[in-house]
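Everything below concerns the one structure shown next.
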Amino acid sequence: MRKLRRIVEEEKPVKIIAVGDRVSLNLVKNGLFPHLLIVDNKIMRRSVSPILISVNRTFRVKNPPGTITTEALSTIEEALKQDYRTKIVVEGEEDLLTLAAVLYAPEKSFVVYGQPREGIVVVKVTKEKKAEAANFLKSMRKTSKS
């Protein structure tokens, strides 16, 4: 977390988006307060207590494991348009929503997620990363229709 704090202080991201309960909790515990938290109240598929952080708005969406629903996509897009702290509580699984966070986050934002048994991953949002996320999402939509 010290390394992430240093990067945040140096680069001053437009927004910090945390995807996942453990990474969200670790950011909050270390004084790095995300603009958007996307959580499912589970760590490694085991239920955990909700993260206690003051937010201006909480959204609730359904997103079954292994999918990205249109409801989740539109909610992430809406949440990232806000200038205040928001939380999205997912009924199902939030893992793949990292792609939507990268797609809809402003450039120069950080999307932070956990890599089980490895640590955290920080994606600096750029035009190129947004294009990669859009391509992944487009291919997923095609797959789900067949």
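The values are calculated or read from the model by the stated rules, or taken from the named source; none is laboratory data. Just so it is clear, the structure is predicted and the values come from calculations on it, not from any experiment. A quick note on method: Cβ atoms are made from the backbone with ideal geometry, for glycine too, and the neighbour counts reach across all protein chains shown.
Would you kindly identify the strands (runs of 3 or more DSSP E) lying entirely within segment 1-115 that contain at least 1 residues that are surrounded by 13 or more Cβ atoms within 10 Å (Cβ to Cβ) and of a type in the set (Gly, Ala, Ser)? Can you show your working first?
Values: elements: 16-19, 36-39, 57-63, 86-92, 110-115.
By residue number, 16-19, 86-92, 110-115.
Selection of first residues in segment 60-77 that are touching a residue at least 40 places away in the same chain (Cβ under 8 Å) and of second residues that are of a type in the set (Gly, Ala, Ser) and part of a strand (DSSP E or B), restricted to Cβ pairs under 8 Å at least 6 apart or on distinct chains, gives the following pairs, ordered by first then second residue: 67/92. Of the residues contained in segment 126-135, none is found to be aliphatic (A, V, I, L, M) and closer than 23 Å to residue 25 by Cα. Evaluated against (1) at pLDDT 95 or above; (2) of a type outside the set (S, T, N, Q); (3) farther than 20 Å from residue 136 by Cβ, residue 80 falls short on exactly one condition, (3). Is it true that some residue in segment 24-31 is touching a strand residue (DSSP E or B) at 6+ places or on another chain (Cβ under 6 Å) and closer than 19 Å to residue 97 by Cα? Yes.
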